[in-house]
1. Take the stretch 37-92 and flag every residue that is assigned to a loop (DSSP other than H, G, I, E, B) and open to solvent by 40 Å² or more (accessible area, probe 1.4 Å).
2. With respect to Leu95, is the statement that it is loosely packed, with under 14 Cβ neighbours inside 10 Å and among the hydrophobic types (A, V, I, L, M, F, W, C) true?
3. Could you say which residue among Thr126, Thr109 is among the polar types (S, T, N, Q), touching a residue at least 24 places away in the same chain (Cβ under 8 Å) and in contact with a helix residue (DSSP H, G or I) (Cβ under 9 Å, 6 or more places away or on another chain)?
4. Mind listing whichever residues of the stretch 100-123 are of a type in the set (Phe, Trp, Tyr) and open to solvent by 60 Å² or more (accessible area, probe 1.4 Å)?
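The values are calculated or read from the model by the stated rules, or taken from the named source; none is laboratory data. No experiment lies behind these values; they were computed from the predicted model shown. Neighbour counts are summed over all protein chains in view; Cβ atoms, including those assigned to glycine, are modelled from backbone coordinates with ideal geometry. Note: accessible area is taken over every heavy atom of the protein model, side chains too, but ligands, DNA and RNA are not part of it. Shrake-Rupley method; radii C 1.70, N 1.55, O 1.52, S 1.80 Å.
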Amino acid sequence: MTSAAGQRTEYYVDTPRGLFTAAGHWFRTTEALLQAYAGPLLEKEPLDRLLRQADVWLALPSLLVLWALLPLLWGSGPAVAVGVALALYLLGHLLLPLLILRPLTPILTLLANPWLQGAAYVAGLTALAWSGRLPAVWMGLAGFVLVRWGLLDRLLRPLLDRLHAALYPLPLPDQVLRTLILRAALAHRVALPELQAMEQEVLRRLRQLPWNRN
């Protein structure tokens, strides 16, 4: 699937600055780069599908918080529940490229359904309220809003970006996409000897961004 820079597809936009998906993620690589270095794989695994999978996995830290917070509020005090949920969020972000298992993608897609999340929180918070645990109710409601509206990510983004830069050579979205490409290549038995060259090109493009220039 080859397109000119700036072309809009159903799920993503390919621009000279990178790929922008409907989920709001910015991948610094471009469709042309991916075609040049992973073309044989893209014939078997469309780029659209790989980007959708990447978006699902990039939501993993938020999903860990949302689906762990309610059981934690039931099993412990609000302070402990929030502390553990935040630890899961940070670990999810830092270890994300290492946690990717493609067979689990459909499960994450299901857990990312906002209607399912909303129903779970309505039921869970209602049960907490009936049991008289009002602090847990307010903590659960606050956690749901912070995660669903992306406020937690905005608050921690400066810290997370610094930690990611120390751990991985590529920005997190590109690192996740790279991992998915490697996993898909193994599944389809496609050799990608030029993938490292693609990484170097992405890094070169990043250094050319105005805010990275000396």
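1. Restricting attention to the stretch 37-92, the residues satisfying the condition of being assigned to a loop (DSSP other than H, G, I, E, B) are 43-46, 59, 76-77.
Passing the criteria: Glu43, Lys44, Pro46.
2. On the way: loosely packed, with under 14 Cβ neighbours inside 10 Å: yes; among the hydrophobic types (A, V, I, L, M, F, W, C): yes.
Taking the combined requirement at face value, the residue satisfies it.
3. Numbers: Thr126 fails: touching a residue at least 24 places away in the same chain (Cβ under 8 Å).
It is Thr109.
4. Step one: filter the stretch 100-123 for residues of a type in the set (Phe, Trp, Tyr), giving 115, 121.
Within the stretch 100-123, just Trp115 meets the criteria.
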